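Below you'll find the structure, written out as C-alpha cells, and then a few comments.
The values are calculated or read from the model by the stated rules, or taken from the named source; none is laboratory data. Please read all numbers here as calculations on a predicted model, not as lab measurements. We place every Cβ from the backbone using ideal geometry, glycine too, and count neighbours over all the protein chains shown.
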Amino acid sequence: MGNGVSRKSVGSKTGEFWGLEAHEVRVLRGLKTPARIQKFVDELTYQYADTAGSPRRVLQERKGHCLEGALIAAAALRVLGHRPLLMDLEAVRDDDHVLAIYREHGLWGAVAKSNYAGLRFRAPAYRTLRELAMSYFDCYFNLRGERTLRAYSVPVDLTRLDRHGWMTAEEDVWFVAEALVAARHFPVVPDKVARVLPRLDKRSFDAGKFGRVEH
C-alpha cells in the first residue's frame, strides 16, 4: 500500500479532477501538507447532523462532523498524491470515529474531525495501523468517562467507490459509511480487559473536552 496514485484529470477542458471543478482543486491543492489539511478541517463548523456530505458539499457549506471531515481530508490527501484511505474506529456506548489516514516515509498518520481534543491529528510516527489506532485509546471516551474504543478497521480505499462519485455527490454518500462498517475490524483489547477498564480521571476528562461544541 503505497503513497502515490496516478493523478487522473477527468475532462481537462473543464478543469475537473476526479470530478472536482478547478476552483475546488485549487482549494485542496493549497493545503500543501497533512498538517494544513488538519487546520482546514478544524476550522469547519462542527455540526450534529445525520448527514454524509461529500467533499464538494463540505467545500460549499464549510461544516461537518467526523465522517465529513475525514472525507474532505481524504480528498485533499488524494490531490496531494496520497491514496484516499479511511479507517473506522469502532466504539461501545459511544459514536464510531473515522480517520483519513496517510503514509509518509513508511509511517502512518491521520487527519480527523472531532469534538474531542485528542481524537484529531496524528503526525506520521506510527509503524503499524494498530499503533496508530492505539494512539487514540486513552483519548476515546464518552461523557461518563468510560474508555470506549474497541476495534479498528482495515483501510478502506475510496478509489473503489469512485464510480459512485464520493468526491462530488450532491446526495449523502452513505455508501462510504456502509463500506466502513462492512470492513474487517480488529479488537484493541480482550473482552476480559474491556470489562474492567478504569474510567478517566477528571483532569484528563476535562482536557479531552476542551473546545467541545455543545448541542
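Overview of results
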item	result
Qualifying position, being under 18 Å from Val173 (Cα atoms), under 13 Å from the mean Cα position of the chain (by Cα) and of a type outside the set (A, V, I, L, M), among Glu68, Glu61	Glu68
Pick from the range 174-215, criterion closer than 30 Å to Pro84 by Cα and of a type in the set (Lys, Arg), ranking: modelled with the lowest pLDDT	Arg212
Arg150 vs. criteria under 28 Å from Leu197 (Cβ atoms) and charged (D, E, K, R)	yes
Test: residue in the range 123-138 that is assigned to a strand (DSSP E or B) and buried (at least 23 other Cβ atoms within 10 Å of the Cβ)	no
Qualifying residue in the range 98-111 (condition: under 19 Å from Phe17 (Cα atoms), hydroxyl-bearing (Ser, Thr, Tyr) and not in a loop (DSSP other than H, G, I, E, B))	no
Whichever residue in the range 157-210 is of a type in the set (Asp, Glu) and surrounded by 13 or more Cβ atoms within 10 Å (Cβ to Cβ) and, among such residues, is nearest to the chain's Cα centre (by Cα)	Asp157
Tyr116 vs. criteria of a type in the set (Ser, Thr, Tyr), in contact with a Gly (Cβ under 7 Å, 6 or more places away or on another chain) and under 18 Å from Gly64 (Cβ atoms)	yes
